[in-house]
Amino acid sequence: MLKARQMGISTWIAGRFFLKTITQPGTLTVELAHNLEAAEQIFRIVHRFYELLPEGLRGGVLRTSKANTRQILFSELDSEYRVESAADGNAGRGMTIQNLHCSEIARWSGDAAETMASLSAALVPNGELVLESTPNGAYGYFYDQWQRADETGMIRHFFPWWMENAYTGHRVEESGWTEEERALAEMNRLRPEQIGFRRQLETKFRRIAAQEYAESADACFLASGDCVFDLECIARRAREVHEPPEQRCNGELWIWYPPQPGRRYLLGVDPAGGGTDGDYAAVQVIEQRTGLQCAELRGHLAPRELAKYCAQLAREYNQAMLVVERNNHGTAVLAYLCTIERYAPIYEERGQAGWLTTAITRPAMIALLGAALSNEAEVFSSSRLLAECRTFVRLRDGRTGAAAGVHDDCVMAMAIALQVRADMTDPSRTMR
């Protein structure tokens, strides 16, 4: 369920599941809110349902043995209604659930996909699952599930703001409507009072109006969230790119443009630890003169293995300059390149091998990549890179990085490559 804010959807779901809980013995219903405050608010709604039941029912078969800590237990029915917070990592674990409502799932903290893997395993085969949220960016678990609904068998329901009768404002006569307002009104049979409410939204909420008061299932995702880059440019380029003509290393290495004699290339390298559950190691091969993305490597590669692949790829691309981020695991990669692979040239910064990403250099790197995406998106060919760009967001602490549950390794490798390409004329940065 994709919805505008304050539509009463959560209350409707709670009422529906409450009715099933008290009429079907042996039922466990679990609602997960995005935080503790929201969980307590939902539980107050559910508890109100119980308190307003006829007294004869509350004193009879629906007598409760527990009705606190966001839990109502109907012992004679062996049924239970629980409201928990998704912020609790153990929510729903060890249970057998008949009805599961995941509220505002697009705003869950942590990895929603990991949490849902555990919850889905607890849901009985004929159980009912509701994923409900306002939009929060064209990325993340809720967005992916919305896009993949035809594959998974989920049924999509979209509730735009005008389905709530209370959302009306001052009357705007049709003669004063804009072309956009006229088209929207004709398509959705909107009244003059609803057009007035829409104008109030634009004045009050401005940029986030399309997020909080959704009008289109596609547009509200793109208009919401805090993506650092221009989503329209990314989406347009994503529609144009194709599978790479050559793939190697079990699909980890994609090649669009093989090396050409006389051309110079550089490799931006974002290392990782190599574990299968952690970040990827990523390598971007670009042509120095144009910035054209020629090849991309992404895989769970340990420093030793990554150094080998980097050396092989750099030699193939006309002894390309290797620019390895020396933060964290990068020092090990550089050591292997120098001692075992014996590769040169390696990028140096003020006499030290490798590139250092800091709080000072990172914003400039990201800005440069953002400018390239907006002004010359045709140089990018990787759907993996563009997908990461779409989920590269402004975090709550003010920094930028991957949204929860996704990665930004291809983004960082490309940002390193483009920044060094731009800095080639800086005499303080040299090549060894």
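Can you pull out the residues in region 302-344 that are in contact with a helix residue (DSSP H, G or I) (Cβ under 9 Å, 6 or more places away or on another chain), surrounded by 15 or more Cβ atoms within 10 Å (Cβ to Cβ) and in a loop (DSSP other than H, G, I, E, B)?
ALA302, ALA320, ARG326, HIS329, GLU341, TYR343
State which residue is surrounded by the fewest Cβ atoms within 10 Å (Cβ to Cβ) when the search covers only region 130-168 and only residues that are in contact with an Asp or Glu (Cβ under 8 Å, 6 or more places away or on another chain) and part of a loop (DSSP other than H, G, I, E, B).
THR168
For region 173-243, please list each of the helices (runs of 4 or more DSSP H) lying entirely inside it that holds at least 2 residues being under 30 Å from SER382 (Cβ atoms).
The helices (runs of 4 or more DSSP H) meeting that bar are 209-212, 217-223, 231-240.
Give me the pairs: first residue in region 95-110 and hydroxyl-bearing (Ser, Thr, Tyr), second residue part of a loop (DSSP other than H, G, I, E, B) and crowded, with 21+ Cβ neighbours inside 10 Å, beta-carbon distance under 7 Å, and six or more apart or on different chains, which are they?
Listed by first residue and then by second, the contacts come to SER103/HIS34.
If LEU373 passes every condition in (1) surrounded by fewer than 18 Cβ atoms within 10 Å (Cβ to Cβ); (2) assigned to a helix (DSSP H, G or I); (3) of a type in the set (A, V, I, L, M) but one, which one does it miss?
Looking at each condition in turn, LEU373 falls short on (1).
Can you confirm whether GLY268 is of a type outside the set (A, V, I, L, M) and either in a loop (DSSP other than H, G, I, E, B) or outside the structural domain of CYS310 (by TED's automatic domain parsing) (or both)?
Against the criterion (of a type outside the set (A, V, I, L, M) and either in a loop (DSSP other than H, G, I, E, B) or outside the structural domain of CYS310 (by TED's automatic domain parsing) (or both)), GLY268 does not qualify.
Out of everything in region 252-275 that is modelled with pLDDT of 95 or more and under 26 Å from the mean Cα position of the chain (by Cα), what residue ends up being farthest from PRO303 (Cα to Cα)?
If we take residues in region 252-275 being modelled with pLDDT of 95 or more and under 26 Å from the mean Cα position of the chain (by Cα), then TRP254 is farthest from PRO303 (Cα to Cα).
I'd like to verify a number: residues in region 206-239 that are modelled with pLDDT under 75 and either surrounded by fewer than 19 Cβ atoms within 10 Å (Cβ to Cβ) or among the acidic types (Asp, Glu) (or both), how many?
Number satisfying all stated conditions: 3.
When the residues of region 345-361 are narrowed to those that are buried (at least 18 other Cβ atoms within 10 Å of the Cβ) and out of contact with any Cys (no Cβ under 8 Å at 6 or more places or on another chain), which ends up modelled with the lowest pLDDT?
So the residue we want is GLU349.
Among the residues of region 8-39, how many are more than 25 Å from the chain's Cα centre (by Cα), outside any helix (DSSP H, G or I) and surrounded by 15 or more Cβ atoms within 10 Å (Cβ to Cβ)?
Summing the residues that are more than 25 Å from the chain's Cα centre (by Cα), outside any helix (DSSP H, G or I) and surrounded by 15 or more Cβ atoms within 10 Å (Cβ to Cβ) in region 8-39 gives 3.
Within region 359-396, can you find the residues that are aliphatic (A, V, I, L, M) and either touching a strand residue (DSSP E or B) at 6+ places or on another chain (Cβ under 7 Å) or free of Cβ contacts under 8 Å to residues at least 40 places away in the same chain (or both)?
Passing the criteria: ALA359, ILE360, ILE366, ALA367, ALA371, VAL379, LEU385, VAL393, LEU395.
The values are calculated or read from the model by the stated rules, or taken from the named source; none is laboratory data. What you see is a predicted model, and the numbers here were worked out from it, not measured in a lab. For neighbour counting, all protein chains shown are included, and Cβ atoms are generated from backbone atoms with ideal geometry for every residue, glycine included.
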